[in-house]
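A short write-up of the structure that comes next.
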Amino acid sequence: VQLQASGGGLVQAGGSLRLSCAASGSITSFNAMGWYRQAPGKQRELVAIITSGDRTNYVDSVKGRFTISRDNTKNTVFLQMNNLKPEDTAVYYCNVERFDLPYSSYWGQGTQVTVSS
């Protein structure tokens, strides 16, 4: 499976961006789909995740501002980011996981999000 992330860019604080992660195949076979981010000098962190049962979870710092969703007909996972803050600046990566043995995980190439103050 190949993942193509897009939608990043430069935005002022308080603005919005919508990230997309298009998969080369069906995403319905994956147990979890998530967005991660990595800021310079920091470890990659999980931002938001959506399961095959449509359960979602978010890191505390983005709760109420970010929304993860998916469109199975388009094999795409989205991250709507509102009220962006400078501390959201990072490279954002999408990831999909299949928990059945053997475990499998695939990453997109990353998209840069820069929030200016």
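Per residue, the accessible area of the chain comes to 53 Å² when a 1.4 Å probe rolls over the protein heavy atoms.
Result for the chain in a Gaussian network model with C-alpha springs under 10 Å: among Val47, Val59, Val77, the largest mean-square fluctuation is at Val59.
Taking every alpha-carbon pair under 8 Å whose residues sit at least 6 apart, the chain reaches a relative contact order of 36 percent. If a/c stays under 1.5 just call it rounded; otherwise compare a/b with b/c (prolate if a/b is bigger, oblate if not). Do that for the stretch 9-61, with a ≥ b ≥ c from the square roots of the Cα gyration tensor eigenvalues. Taking the square roots of the gyration eigenvalues as a ≥ b ≥ c, the stretch 9-61 is prolate.
Counting protein heavy atoms only, the stretch 34-117 has 48 percent of its accessible area on carbon and sulfur, 1.4 angstrom probe.
With a simple spin-label model that places each label point 7 Å from the Cα along the Cα-to-Cβ direction, the separation between Phe99 and Arg65 comes to 2.9 nm.
Shape of the chain from the C-alpha gyration tensor: prolate (a/c of 1.5 or more and a/b above b/c, with a ≥ b ≥ c the square roots of its eigenvalues).
The values are calculated or read from the model by the stated rules, or taken from the named source; none is laboratory data. Because the structure is predicted, anything quoted here is derived from the model rather than measured. Don't worry about glycine lacking a Cβ; one is built from the backbone with ideal geometry, like all the others, and counts go over all protein chains shown. Calculation scope for accessible area: heavy atoms of the full protein, side chains included, ligands and nucleic acids excluded. Shrake-Rupley method; radii C 1.70, N 1.55, O 1.52, S 1.80 Å.
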